[in-house]
Each structure stands twice: as structure tokens, then as C-alpha cells.
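Data block below; observations after.
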Amino acid sequence: MKLSKYILPTLKEDPSDAFVTSHKLMIRAGLVRKETAGTYAYLPFGLKALRKISDIVRDEMDKTGAMECLMPELTSADLWKESGRWDKMGPIMFQIKDRNALEYALGPTHEEAFTNMIRSTITSYKELPVNVYQINTKFRDEIRPRFGVIRSKEFIMKDAYSFDIDQAGLDVSYDKMAEAYTNIFKRCGLTTIPVKADTGDMGGSASEEFMVASEVGEETLLLCDKCGYRANQERASHKRNSSKKTETPCAMEEVSTPDIKTIEQLSEFFSCDASSFLKSIIYIADGEPVMAIVAGDREVNDVKLKNHLKCVNLDLADDRTIFEVTGAPVGFAGPAGNDKIRKIFDLDIKNTVNAITGANKKDIHFKNVNPGKDFIISEEADIISSNEGDKCPDCSSEMYVKKGLEVGHIFKLGYKYTEAMNVTVLDQNGKTVHPIMGCYGIGVTRTLAAVIEQHNDENGLKWPISVAPYQVHLVGLGKGEDELTKIEEIYNLLIKSGLDVLYDDRKLSPGIKFANADLIGLPVRVTIGKNYFNDNKIEITVRKNSEKSETSKENLINSVKSILESIDK
RNA sequence: CGGGGCGUAGCGCAGUCCGGUAGCGCAUCUGGUUUGGGACCAGAGGGCCGAAGGUUCGAAUCCUUUCGCCCCGACCA
């Protein structure tokens, strides 16, 4: 491809609306253009990289025996109503009507579509297991799209769904996907961390996320290097201290705490550590108020609480509700002397001694509050988030925290959809059974952004060869007809050898061409200039490490190919 | 949805406080000189100042409304 005829709108300056590296570079290097918030147009250069990624995904998926399909984007509301997600996922879906007022959703995911397809095509255990997938656009009405293509309203995803006759089969299908994912991300030049994750609204049992360590990551991971424990903060747990404090329990008494509400203010007022308090947070779980009680230095983990309550909606209660159920304004709630509300106690609470907590009266706290004496631990669960420094649940050594960007997610879904949508096959005994499902996603467009997050420097992109839009960047620095013809010869030579070449044939000064080559970051740069016209010397530069070498026209192809082979090793 | 910031040429920005009919850099086009790390000279094109309404003799600038974009939060297979 000749650059003079190529749409590659590179930018010298960072676009004003981009904040993260990948977003800036994707725009500066001419991969994408923003259409509006959360939607991007892929230009030729960006699409080429995207294709490289989807080709890798497709290749590895096909190797596992999975079959590529293509589901409609316009999905009937009936499908969603059947699974119960029309209302449940409502806000995230773009729900639309046709002229006859029939309802549709632009697919935010395709469990229903695939399940429906399988329902009408598979009838016997002999046909199982199957794994079907697609690489297709997803539409999600994100509350806040951000970071370029990392969180957008429209993005490309590879989603796969496995159907097995039993749990043992699902385990095999799941493991195959885990392996394929490891291969896929490795081939894309990404270092990923597989972590245990929450299954969220998807339901199901096991779930792993493939995370790329990144400052722009939206997830917090808890990691233990000693035993390899890796979990998303949403579901990470930690080993608790099992022993009770040795202090002698004292009698509970009221303390006047005018206008002192936050844990911070309380710590100062009582001059003691945040952990001495019982923090009582009021939530509304599917319309019912509940109180979550955790140590003052801890945060309630909404996901864990939601899972424990098995509720669909969990929100912080508004001020009025808080007043109604505690008899006090925000800041004075506590488990002691309040029997009206369902209370969930964190696992640590039973070991507290002489704690301080709200008295359910304005401007009053209790001190020397003790479980068993001043309140009963009616319901106990792990409802706090684990933090840096907490002890690993498996080996008790200290865990640390890293930010992660989710590029892939695999689930053991279970029977949720096959039951809800009544998918059945006949088993060996001629009995009607539901197949068991797994589902497996990869954010393809997000993976592209992740690759760029991991491969760049101050001058621009540094493509791994596997996803580079072109392998070779040919920079021609020729003047007259003669010289230009000689460069053209080299260009043709490179192309004939099967290499994918971008030839900068523009009439621009060398500085611009070099800066541009660095920006768009193709793995190998071949420079044809006066050294070639005078001494038959061709310069090869490796973008990744700036290593330069010289070769002749005769050895060019071999040199380039051997460099390409060695670079990413 | 809450809090903050911003919409002026393709891109990055100044001008807005203090009203007088729009400017800088880069990019683009023409001609010429240049050519191994973002060259130079001369010339040219390009903007209803996000939109609507209002105040005024006169609005990019003041007032009202509205739309959009970015950041933080809530949200998030």
C-alpha cells in the first residue's frame, strides 16, 4: 500500500478529548475516528489491526472445534422476555420498536439468541457437546462510555456458548476455552492475569476473567504471589482473624455526639481507630430495607451483599427511608436497639469488643457495644471488600492490589437459559434433559486498545508483529525519477516476497516521514535513501528496540524476514 | 443522575471578565528553493464563534433556554 493513496490521518498533537494512552494513540495514528460519545469509526489502518486480532481469535476458537455463526443484532423482545432479562437488563439495552410497535433490542449479548438457535437445531445427546460462537457487534447503553474504545456503546465481541449433556462435559468445555483464551492473548502480545470473578447477573458457578494489568483498568484485583490466588475485588475474600479481642466487655452507654456522623469525625471525637466502630449502612434490597454492619475501617461490598441477599436490585437507602427505619438522620444508625430492620453482620463483627456505633437517635452514639449482649448476630455473611495487605484466603500470606482491564471472561453458566427457554435433548436413556451451558466472551475492540496500552513509547505505537496492520514500513527518500524508480523496485521486491508493506511515497521531508513511522509503529522500517543510491546499502530499523542494521538489495528479503521472526521471541 | 470543566477553521488553542462584526500555530492548496529526524520563501483557500431566543444602534463576548463533548462518582458478562 502506498501512503500517498491511503487514508491515514495522523495527528501531531493529542486530541483534546482523549485522556488515556491507547485512546490518544488510536486517534493520532489514524486507527479510529470518534463518531459520537461511545461510538467509533474504524479507518483502514485500525480495521487491519482489528482483523488481525479477530483472525487470531477465530483461529484459536476453530482449533477447539467451536463453530462460527452469526446472530442477528436486531433481537426480538420475546426472546428476552422468555429468559426474564427484558426487564432485568432493560436499562443497558437499546430497546426499539418497529413501525408495527413490535419490540426489539439491539443485542447487548447473545445468550438468548444462541440458546434459541440451539433449541431448534439440537435434539439428542449424540449431538453434544457443541460450542458455537460469533464475532459481532454488541450494543450497550453504557451509563458512561469512556477511554475511547475501552468502554463504548458499540463494540465488537467474540462470544461463544457451549452446550454439554452434563457438568463433567461443561468442565471440559470450560477448560478448553480457558486454554484457548490463554493462547489468544499470548498471540496478541498481551500479558494477561486470569482471576476469579463474580458471575454477576449471568448466574452460574465458576467464572474467570482475563485481565490486562493497566492503570486504566476498571477492576481492582487482589493477588497473592505465594500461592497464586487471584481474584476480582468484587468476589475476593480474605482470611479473618478468628480470635476475639482480649478486652473485657463493659456496659453499654450513650454518648452525646452532636453532628458527628462520619467514621472520620467519630475517630477524631473518640480519638480511636476507625476499626473500633461498627458502620451500619442502610440499603434497599428489592424494596425491603436492610442494614449492613461492618467494621468502621471497611467498605461494604455491594456485590457480596447482593449475592447474599439474592436480590435483583440493591441500592443505598435515601435519607427519608433511613429516618423511618432507624428513627434518626443519616449517621446515627446502629444494630443495637433496633429490631425493626433485617440486619446482615460481617464475619468480623462477632469478634468486636466495646465497639462504638450509632444509637438510632439523633446526635447520640453508643459506646461499649458488644455482640451477644447489646445485639444479636442474627445473620452473618462475608460482605466486605478485601484490600491491599489482607491475608490470602488460601495461604494466609499478604495480598496486594493491581488495576486490571478485562479483555476476556469465561463462565460456567449452568442451566439458567436452557431451563428458562426450555432447551431439551434426549439423553442415553431416552429421557428429556436440559443441556448445561457455558459462555465465553472476548472484547475484540477492547483487546486492540489493550495491545496499544501495553505496546507504546513517547513516540508512538510499537505493534507486536501478530497484530501489526503491516509488517514493513518502507520509507523512500528519493528525489529524481531515477531514484524513485529504484525505491519502487524495492517496494515490488518486498511485496512479491509476500510481506505486507506500507510504502511512504509521499513528497515530504525525511523528518516528517520518520516521525510518522514512529507514530504508527510498524515493526520494521526499511529506509531507502542516499546510502542505497550511492553504496547499495539499505537500512533496517526495528521499531521496538530501535536496533539498526544494514543490508543489500540482494539480502533484503532474507534480512527482513529473519528480523521479523526474531523480534517478538 | 450528582459534581466539575469545555464547545471559536481539519487538529491544537487565544480572544469572552471589559460588546464594535475573528486571530495564532499546525495541517491544506499554488509556485519556487530544500531533502537522513516534524525545512524555508512568496501567495491562497477555509469559521453563521455548538444551536435557539433575548438585551443592544451593534453580541464569539451580556442574559435565558437547549444540544453536545470530556473528567470524577454511581453503573458495568
Would you mind pulling out the separation of the Cα centroids of region A:485-517 and region A:290-341, in Å?
66 Å
Could you give me the percent of Cα pairs per 5 Å distance bin for region A:253-381, shortest bin first, beginning at zero and ending with the bin that holds the maximum distance?
2, 12, 23, 25, 22, 12, 4, 1
State the Cα centre-to-centre distance between region A:347-384 and region A:62-94 in whole Å.
45 Å
Simple label model, 7 Å out from Cα along Cβ direction - A:Lys5 to A:Asn531, nm
3.0 nm
Which Cα, out of A:Val294, A:Asn307, A:Thr326, lies furthest along the positive dipole direction of region A:253-381 (beta carbon charges, K/R +1, D/E -1)?
A:Asn307
Here the cysteines of chain A lacking a cysteine partner under 4.7 Å (Cβ to Cβ) are A:Cys69, A:Cys188, A:Cys250, A:Cys272, A:Cys311, A:Cys439
Would you kindly find the accessible area of A:His434, with a 1.4 Å probe and non-protein molecules such as ligands, DNA and RNA excluded, rounding to the nearest 10 Å²?
50 Å²
Computed Rg/Rh of region A:470-567, alpha carbon atoms with Kirkwood Rh:
0.92
Along the charge dipole of chain A, which of A:Val20, A:Leu461, A:Thr445 sits closest to the positive end, that is, farthest toward it, with unit charges on the beta carbon of Lys, Arg, Asp and Glu (+1, +1, -1, -1)?
A:Leu461
When ligands, DNA and RNA are left out and all protein chains stay put, how many square angstrom of accessible area per residue does region A:280-425 have with a 1.4 Å probe?
41 Å²
Over chain A, what is the mean sequence separation of C-alpha contacts under 8 Å (at least six apart), divided by residue count, expressed as relative contact order in percent?
17 percent
Which Rg and Dmax, in Å, describe the Cα atoms of region A:34-142?
16.5, 48
Could you please state how large a percent of the accessible area of chain A is carbon and sulfur, counting protein chains only and using a 1.4 Å probe?
49 percent
Loop-only check: which chymotrypsin sites (Phe, Trp or Tyr not before Pro) in region A:502-569 are DSSP coil with at most 11 other Cβ within 10 angstrom?
none
Loop-resident trypsin sites (Lys or Arg not before Pro) in region A:262-339 with no more than 10 other Cβ atoms inside 10 Å, DSSP not H/G/I/E/B, are A:Lys310
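Can you tell me the alpha carbon radius of gyration of chain A divided by the globular rule-of-thumb value 2.2 N^0.38 Å?
Rounded to two decimals, the normalised Rg is 1.21.
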Run through region A:392-436 and list the trypsin sites (Lys or Arg not before Pro) located in a DSSP loop whose Cβ has at most 12 other Cβ atoms within 10 Å.
A:Lys431
Dividing the mean separation of Cα pairs under 8 Å (6+ apart) by the residue count of region A:470-567 yields a relative contact order in percent of 29 percent
Whole-number accessible area per residue in Å² for region A:470-567, which is evaluated in the context of all protein chains at 1.4 Å
48 Å²
Convert 20 °C to kelvin, take the viscosity as 1.002 mPa s, use the Kirkwood radius over C-alpha pairs of region A:1-72 as Rh, and evaluate the Stokes-Einstein diffusion coefficient in µm²/s, rounded to a whole number.
150 µm²/s
Placing unit charges on C-beta atoms (Lys and Arg positive, Asp and Glu negative, everything else neutral), compute the dipole magnitude of chain A about its Cα centre in debye, rounded to 20.
1180 debye
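The values are calculated or read from the model by the stated rules, or taken from the named source; none is laboratory data. Note that this is a predicted model, so its numbers are computed, not measured. For neighbour counting, all protein chains shown are included, and Cβ atoms are generated from backbone atoms with ideal geometry for every residue, glycine included. Please note that ligands, DNA and RNA were not included when accessible areas were found on the heavy atoms of the full protein model with its side chains. Shrake-Rupley method; radii C 1.70, N 1.55, O 1.52, S 1.80 Å.
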